[in-house]
Each structure stands twice: as structure tokens, then as C-alpha cells.
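The values are calculated or read from the model by the stated rules, or taken from the named source; none is laboratory data. For clarity, every value in this text was computed on a predicted model and none was experimentally measured. With ideal geometry, Cβ positions are generated from the backbone for all residues, glycine too; neighbour counts draw on all protein chains shown.
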């Protein structure tokens, strides 16, 4: 067999419902049956012209049509207590998971599956409720409609990449989020195929930058962007298109001690760099952590800086303006994220969390989590929902734009170590990086239910993990410090098993 495994059957399956949507408790649907799961992925309409002889048509292009809703039917026996499918009121999630062994009622026991999102009941049909002379089981069929697309769930593994080039700690990796089919714009490109990362400096040496064009398997050193100054590491970077085929990479360095802050941008994949000053000549501004530079595109770039400053660029990082001049806090921001052009979040020391609802032009402090720790990472899902992690190993979420925060507990490592990074591929599937300190310090955790459950992936030994890049539900990268047993820094590739 080409896949070297055994085909799965229906008895390998398990159904779960999430009555209240992402980041709430999933409920096992035992003794339920899922019929065909049908997803119309969109159609293709041909664009044609008559041939000159009028006897046929030439196809000169095509156009795509949007996908229809996902449809499914779940059947169950009728019991005294009504099924969860009869109780739900609001749009909910359905998980159709398949396993190769073990108990179906363990949510994390799967090797593959699908998630139906924003599910609604469209009809229900009872059968066998009353018999005249024959005793038959009573059944219920519930027809469901969900938003496209189906979200695929896969068992994940982590692959370790090392290189003699990685002589100092690696801080943050950024990869392409777009994909392209072969055509006028060039060859085929898949998500995460092209990656770029920055490193710490050596004494009296420039900070290294590296590039990969094969999904992070092999790396080459590129031109270092900044001056040879100790401790001015390349901490954070972003990447975005600036023309049909050209991409720009932006790197931010650690704030200099009472010196000129800078970012650098490259339009030739790190071959040459243009340096741009930020802040005053003695301001000491810059990126104080990985995850402090964030870009939606060339017109929407934010830098969360030292001393409570936040900067914005609308011209591809060529110029920067101050949008938060240290008026809320005077400590270093450790992370920033925008879910779209309007809604952003940033976190600083001593439980300071700020949000913006106008594209970062104004910022306001929201309620602290109450944990008191330094906020090390943040992620905003939408106007109301956001996540933060702190240096007490606590993970927090809000569903009301920071008015209140709830700690997510129960995951391995909770309330110990540091939550250093958190990012989601969609509202259901995401990743978290947690560092415990000491041997085998860093772990990568994964969720498929919007953050209610977090499972530890089998993470190679390391001496601390830093930046996280998530390009798809089954593809992510994590970079870390130099591992003593390897004498090289590490790159971790999260891929489908």
C-alpha cells in the first residue's frame, strides 16, 4: 500500500459537538452516526470565444464560483434524555474524528478528521416513534448546514532542523502565507515554502539572518542588515508582497542602549538592506521581543517598541509615525497583533494590555488579567475575542474585548514557566509555545477546539523556544536557543504526521 497503513472504517470514527462554539467544552456523541459529509468546494465556469470559422469555441479563461454551505446528516437512537443535537440553540461546531486505536470518547485521540463550523440545524426527522404491532427502535435524523470550508484535522509531528550556521539563538521566523499556481506570476508556491529568520549577535559581530526556500529544511545565510554591535539582535520580522512578483522582508533589531532605533527592509530576499531610523537618536527604541513587528500588508505595519511606544507604517516600512508615545506605560511591549485593519492588541510588563479598534491610531488600556505577570505574547481573533500569555505560565482569554479575562487551566505546564507565543490558524486550530526552563525546556502545544483543550506535541529537546509562525492548521515553525547537546540553535517544523 502506498501509505503503509490500514484503511480506516466507520468504527474508527467518533463524533463530538461543541454546543457553545470554539473555546468551550466539546461533548462526545456516542451512539450517533454521520452520513455522507458533502462539501461543494466551488465551481468553474469557462470563458469562451467563437472560433473564426464559427464551428466551435476556444476556451480563453475561466472564472470560479463560491462554495456552497457544507451539508450533513447525523442519525441517533432516541433515548429518554434528549441528545445534544436537540438542545443546541446557537451556531455550534461538529467534530468528525477518526482514530487508529484507543477509546473514541477521548477527544485528543485522532489521526485525522474534519471540523464543521458555524453549524445550524436545518431539519429533523423522527422515525419509529409509535408501532402498531412491530417493535422497532426510535430514531432521529438531524440535517445540518455549516459554513465552508470543512477544516481538516491531522495528527501532527515535529521535525528538528539544525545547521552549523545556527551559532546563536534564533528569535523569530516568518514564512509566506500565500500560495500560487504556476502561471504568469511564476512557478507554484505553497504556504510556508519560503521562510526568513533572524538571530542573536555574536560579540562585536552583526546579527545573522537566514533564508529557506524548501519549507525550512535547508537554510542559507543572507546579508546581515544592521551594524556590528553586541546585543542588537534581529528580534522580529515580517514579509509581504509589494508587486506582482516581489516581496519585501522587514527586520527589527533589539533596542540599542540610549541609541538610534532602526528597522531594515530588503526587496531582494536579504541580499541588500535599506535601514530606517525610528525614534530619536538617543531614544533606544526598537523591538524588545519576537512578535513585536506585525504586518497585514505593505500599508498596515505596526511595531511595538521599548519604553511604551508603538509605531505605524503605511508605506512598506519606509517611514514610521508614533501612534502611542508611552502614555499608557513606559515599559517594553512584548507582543502585538492585529486580526484585520482595525482590531489590534499589545502587551507589556506588569499585566499591561492595550487594545486598538481603529487600526492602531489610538490605544487604550483594558482590564488587566489579574495574574500580575508580564505579558509575553498576544493574539486577537476578532473585535471581542483575544488571548494573552504571561511569564507566570498563565494563559488568558477574553470574549468581551478585554473587559474581563478568564484563565485557561488544565493544560500541561499551566501556571509554571513562560507562555512565550500563541497564534491561531483559524478560530478552532492554533499553537502555543511554553518554556519551563532547564533541560527539554520548550514545548509546543496544539488545539483544535479553539483553545479549550491544549495537547503537548512530542517536542525535541531544546534549551528554550522563541518565536512561532503558523501558516496553516497543519504547518507551523518554531525557533529557539542554542541547544547544548547539539551546539546549534534549533528550528522546529510542525507538519502532518
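Here are some conditions: (1) crowded, with 18+ Cβ neighbours inside 10 Å; (2) closer than 21 Å to residue 360 by Cα. Residue 299 meets all but one. Which one does it not meet?
The single condition residue 299 does not satisfy is (1).
Which of the residues that make up the stretch 444-457 are free of Cβ contacts under 8 Å to residues at least 60 places away in the same chain and surrounded by 21 or more Cβ atoms within 10 Å (Cβ to Cβ)?
Going through the stretch 444-457, the residues free of Cβ contacts under 8 Å to residues at least 60 places away in the same chain turn out to be 445, 447, 454, 456.
445, 447, 454 - these are the residues of the stretch 444-457 that are free of Cβ contacts under 8 Å to residues at least 60 places away in the same chain and surrounded by 21 or more Cβ atoms within 10 Å (Cβ to Cβ).
Residue 279: more than 30 Å from residue 325 (Cα to Cα) and over 20 Å from the mean Cα position of the chain (by Cα), yes or no?
No; evaluated as a whole, the condition is false for this residue.
If residue 84 satisfies all but one of (1) farther than 30 Å from residue 97 by Cα; (2) assigned by TED's automatic domain parsing to the domain that holds residue 18, what's the number of the condition it fails?
(1)
Restricting the search to the stretch 254-266, which residues are in a loop (DSSP other than H, G, I, E, B) and touching a residue at least 40 places away in the same chain (Cβ under 8 Å)?
Step one: list which residues in the stretch 254-266 are in a loop (DSSP other than H, G, I, E, B), which gives 254-260.
If the condition is that a residue be in a loop (DSSP other than H, G, I, E, B) and touching a residue at least 40 places away in the same chain (Cβ under 8 Å), then 255 is the only one that fits.
Could you please give the count of residues in the stretch 347-362 that are surrounded by fewer than 19 Cβ atoms within 10 Å (Cβ to Cβ) and under 15 Å from residue 331 (Cα atoms)?
1
Looking at the structure I just gave you, is residue 180 surrounded by fewer than 16 Cβ atoms within 10 Å (Cβ to Cβ), free of Cβ contacts under 8 Å to residues at least 12 places away in the same chain and in the same structural domain as residue 265 (by TED's automatic domain parsing)?
Working: surrounded by fewer than 16 Cβ atoms within 10 Å (Cβ to Cβ): yes; free of Cβ contacts under 8 Å to residues at least 12 places away in the same chain: yes; in the same structural domain as residue 265 (by TED's automatic domain parsing): yes.
So residue 180 fits the description; yes.
From the list 201, 218, exactly one residue is loosely packed, with under 14 Cβ neighbours inside 10 Å and assigned to a loop (DSSP other than H, G, I, E, B). Which is it?
218
Checking the structure you have, find out if any residue of the stretch 34-56 is within 23 Å of residue 149 (Cα to Cα) and crowded, with 18+ Cβ neighbours inside 10 Å.
yes
Considering the stretch 267-286 alone, what residues qualify as being assigned to a strand (DSSP E or B) and either surrounded by fewer than 23 Cβ atoms within 10 Å (Cβ to Cβ) or modelled with pLDDT under 95 (or both)?
Matches in the stretch 267-286: 274, 275, 276, 277.
Here is a check on your reading of the model: is residue 366 buried (at least 18 other Cβ atoms within 10 Å of the Cβ) and without any contact (Cβ under 8 Å) to a residue 40 or more places away in the chain?
Details: buried (at least 18 other Cβ atoms within 10 Å of the Cβ): yes; without any contact (Cβ under 8 Å) to a residue 40 or more places away in the chain: yes.
In short, yes.
May I ask you to say which residue of 121, 99 is surrounded by 12 or more Cβ atoms within 10 Å (Cβ to Cβ), farther than 30 Å from residue 213 by Cα and either free of Cβ contacts under 8 Å to residues at least 40 places away in the same chain or in the same structural domain as residue 429 (by TED's automatic domain parsing) (or both)?
Details: 99 fails: either free of Cβ contacts under 8 Å to residues at least 40 places away in the same chain or in the same structural domain as residue 429 (by TED's automatic domain parsing) (or both).
One residue alone meets the criteria, 121.
If you check 160, 151, 173, which single one turns out to be surrounded by fewer than 16 Cβ atoms within 10 Å (Cβ to Cβ) and not in a loop (DSSP other than H, G, I, E, B)?
Sole residue among the options that is surrounded by fewer than 16 Cβ atoms within 10 Å (Cβ to Cβ) and not in a loop (DSSP other than H, G, I, E, B): 160.
Say whether the condition of being under 19 Å from the mean Cα position of the chain (by Cα), part of a strand (DSSP E or B) and outside the structural domain of residue 120 (by TED's automatic domain parsing) is met by at least one residue in the stretch 183-192.
The answer is no; no qualifying residue exists.
Please report, ordered by residue number, the strands (runs of 3 or more DSSP E) entirely within the stretch 1-108 with at least 3 residues that are closer than 24 Å to residue 127 by Cα.
The qualifying strands (runs of 3 or more DSSP E) are 13-18, 32-34, 70-77.
For the condition at pLDDT 95 or above and closer than 18 Å to residue 254 by Cα, what is the one hit in 316, 347, 371? Please lay out each step first, then the result.
Working: 316 fails: closer than 18 Å to residue 254 by Cα; 371 fails: closer than 18 Å to residue 254 by Cα.
Criteria check complete, one pass: 347.
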